[in-house]
Structure formats: structure tokens, C-alpha cells
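Trainee: Once you've had a glance at the structure underneath, I'll fire off some questions.
The values are calculated or read from the model by the stated rules, or taken from the named source; none is laboratory data. A quick note: this is a predicted structure, and the numbers were derived from the prediction, not measured. Neighbour counts run over all protein chains shown; Cβ positions are idealised from the backbone, glycine included. Just so you know, the surface numbers come from the protein's heavy atoms only, side chains and all, with ligands and any DNA or RNA stripped out. Shrake-Rupley method; radii C 1.70, N 1.55, O 1.52, S 1.80 Å.
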Amino acid sequence: MRIHGDAVRVGVHSGQQYTSFAEALELWQTAEELGYDWVSLFDHFRPPMGGPAGPCFEGMSLLAALAARTSRIRCAVLVSAVTWRHPALAAATAATIDHVSDGRLEFGMGAAGADLAYDQYGIDFPGAGTRLDMLDEACQVLRALWTGGPATFAGKHFRLADAHLAPRPLQRRLPLVIGGEGERRMLRIVAEHADIWNTLAETPDTYRRKVRKLAEHAAVVGRDPGTVRQSVTFRAILAEDERQALERRERLLERVGPDSPVWPEYLVFGTPEQCVERLRPYLELGVRDFLLGARPPVDWQTLELFARRVAPALRAHPAG
């Protein structure tokens with residue numbers, strides 16, 4: 001099943017490192033007003049980039065609240081860590097938020113990454129192989145419960161016994177987004193379970209290799225790779241001319257320092273037209289969802305320029 005067809009969508013990946021609900025709500029409602037198709041939170045409790053005591057709202061409850069205060073835009077979590085919740089709880093949470101949003105939820109899952117909460121809160125953080133096994137099982141549990149059940153599942157990490165979920169999600173098939181890029185295991189899980197595959201926008205050559213690897217895994221599991229919608233997340237600093245964008249880059253450098261983990265996420269420092277050119281190779285490689293990172297403090301100028309001048313050019317790209 002092909003989710004959302006071939007239409008290009010643009011979105012905002014907002015995170016939730018705010019000090020007030022009003023800040024998060026302003027960004028989500030502004031994104032909707034600007035015509036974005038998608039807006040998402042992540043699912044961290046203590047993200048390293050915020051420091052050990054930085055602000056961070058809980059993702060699922062904030063997602064429900066923001067979904068209730070928007071009306072058109074698709075609402076998502078990108079992505080929920082498999083270590084935080086039993087997948088039956090995640091399935092029930094997702095179904096509830098799908099009702100709150102009137103059928104606008106897209107639910108993301110991942111194998112979990114660095115988070116200070118594991119040490120601060122005493123939450124187990126298994127090795128990468130175990131987390132990938134958990135993710136594979138969790139995807140099966142989610143889909144089984146979203147159909148309503150009864151579902152019985154006997155995995156190494158999770159079990160169901162004649163389990164039901166009611167009410168079911170409003171959407172006939174609630175889109176499952178899987179975030180990750182590991183070529184051996186993660187992309188195999190994507191090929192088996194994902195409606196949408198999300199990753200950071202790496203170099204076009206690196207991304208091309210991963211697309212090929214995903215197609216190889218899809219062939220093994222008997223799936224058309226074209227039914228996995230491709231999504232990339234990135235950051236940008238946009239301005240009316242390149243000089244202004246580079247000046248704003250220097251101010252960001254002064255604020256976060258040269259060793260900040262944010263820098264690999266930035267794809268372009270320049271004009272909207274330069275941004276279109278940087279994103280065009282990903283269009284050619286099959287990407288249809290372009291998600292602009294906009295964590296606080298929000299870069300309102302980039303947010304508006306992307307919506308007004310980059311998004312129309314991306315949406316005009318012919319399908320196929």
C-alpha cells in the first residue's frame with residue numbers, strides 16, 4: 001500500500017525543548033497557517049543537546065495537546081524510542097491521539113539513541129542488537145493491535161495474549177514511520193514494516209547507497225520498495241541573500257560552539273533558491289517528505305522563507 005501517493009510534502013520537525021506550552025503551540029499553529037503539511041515532535045526525556053537540566057516536555061502528552069489545537073496539519077512523533085514503552089501502550093497511545101487529531105497522526109518508532117534519562121531515571125538501555133530486536137517485535141505488535149485484535153504474539157521481548165485495542169485508530173491504516181539508517185538491520189526492519197522511512201539528509205551519494213540497500217532488503221521480503229515513502233530531516237538557515245545567511249550562521253556558531261552535535265544536521269546556509277538546489281538531488285532519489293528542523297529558539301525567518309519559496313518549488317517537481 002502506497003501511503004500519500006507521490007505528492008511532495010513539507011514539514012516542520014519541532015522537538016519540544018520549550019519552557020512553556022504557548023511556545024510549542026505558537027510554532028505548530030504557525031506551521032499550519034504557513035501551509036506546511038506535517039509537524040512533529042521527538043520522543044526524548046532528557047536530550048543530550050539540552051544539557052542535564054534543560055527543558056523538555058514529555059512527547060506523547062504534548063503531541064495530544066497540540067493535535068487538539070490544530071485542524072489540518074499532519075501530527076507526528078519522530079520517533080518514539082522502543083525503550084520507553086511497551087508497544088501495547090504505544091499502540092493505545094497512538095490510537096487515542098489519532099482520535100484526538102481526527103485522523104491526522106503519523107506514528108514514528110526507532111531503536112532509541114542517546115538520552116540522559118537512562119542514567120538520570122534508571123531506565124535500561126540495552127545494546128544496539130537487542131534494541132533492534134525490540135523494534136522489530138514492537139512494529140508487529142503495533143500493527144496487530146491497530147487492527148483491533150484479538151492479537152496473540154510471542155516474542156523474546158514482548159508478548160500478547162488475545163489482546164484487543166478499542167477504539168481502533170480512525171485511519172484505516174495508521175502510517176508507521178521508522179527512523180534510522182543502519183544498512184544491515186535497520187533497513188531490513190524498514191523494508192518489512194515501515195510505511196514511511198525517515199533519516200537525516202546525508203550526502204546524496206550516501207543517501208543513494210542507502211536507497212539501494214533498502215531496495216535489496218525489500219526484494220528479500222517480497223515488497224515493492226516504492227511502497228515505502230522516503231522522508232528526510234534537515235536544518236537550514238535561509239535569508240534573502242547568502243551574506244545574511246552566513247552572518248546568521250556565525251551568530252549561531254557563537255551561541256552553540258563549533259563542536260555542537262547540531263552542525264551535521266544543517267544542509268544549507270543561503271537563499272531559498274540555493275536550498276531548492278541542495279534538495280533537488282533527494283527529489284531525484286525518491287524523497288517525498290522534506291522535514292525542516294525547527295527546535296527552539298525558532299528561526300522564524302527560515303520557517304517562513306521555506307514555506308513561501310522552497311516548498312512551492314519542491315511540490316512542483318514531477319512525480320516518478
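Trainee: From the list LEU145, LEU174, pick out the single residue that is at negative phi, in a loop (DSSP other than H, G, I, E, B) and buried (at least 21 other Cβ atoms within 10 Å of the Cβ). It would help to see each step written out before you state the result.
Mentor: On the way: LEU145 fails: in a loop (DSSP other than H, G, I, E, B).
LEU174 is the lone residue from the list that is at negative phi, in a loop (DSSP other than H, G, I, E, B) and buried (at least 21 other Cβ atoms within 10 Å of the Cβ).
Trainee: Return a yes/no flag: does region 46-62 have any residue that is in contact (Cβ under 8 Å) with a residue 60 or more places away in the chain and crowded, with 20+ Cβ neighbours inside 10 Å.
Mentor: yes
Condition check ((1) under 24 Å from THR233 (Cβ atoms); (2) of a type in the set (Ser, Thr, Tyr); (3) touching a Pro at 6+ places or on another chain (Cβ under 8 Å)) across all residues:
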site	(1), (2), (3)
VAL79	yes, no, no
TRP84	yes, no, no
ALA90	yes, no, no
ALA95	no, no, yes
SER101	yes, yes, no
ARG104	yes, no, no
PHE107	yes, no, yes
ALA117	yes, no, no
TYR121	no, yes, no
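Trainee: Sort out which residues of region 222-261 are assigned to a loop (DSSP other than H, G, I, E, B) and under 30 Å from ASP136 (Cβ atoms), and write them in order of number. Steps first, please.
Mentor: Of all residues in region 222-261, those assigned to a loop (DSSP other than H, G, I, E, B) come to 222-224, 228, 239-241, 257-261.
Across region 222-261, the qualifying residues are GLY222, ARG223, ASP224, VAL228, PRO261.
Trainee: Between ALA215, ALA219, which is out of contact with any strand residue (DSSP E or B) (no Cβ under 9 Å at 6 or more places or on another chain), open to solvent by less than 50 Å² (accessible area, probe 1.4 Å), in a helix (DSSP H, G or I) and over 20 Å from PHE42 (Cβ atoms)?
Mentor: Just one listed residue meets the conditions, ALA215.
Trainee: Also, I was wondering about something else. Take the residues of region 8-45 that are at pLDDT 95 or above, open to solvent by 10 Å² or more (accessible area, probe 1.4 Å) and assigned to a loop (DSSP other than H, G, I, E, B): which is nearest to VAL79 (Cα to Cα)?
Mentor: ASP37
Trainee: Further question: Find all pairs meeting these conditions: Cβ atoms under 6 angstrom apart; at least six residues apart or on different chains; first residue within region 110-139 and within 18 Å of GLU192 (Cβ to Cβ); second residue outside any helix (DSSP H, G or I) and open to solvent by 40 Å² or more (accessible area, probe 1.4 Å).
Mentor: Partner pairs satisfying both residue conditions: LEU132/ARG185; MET134/HIS157; GLU137/HIS157.
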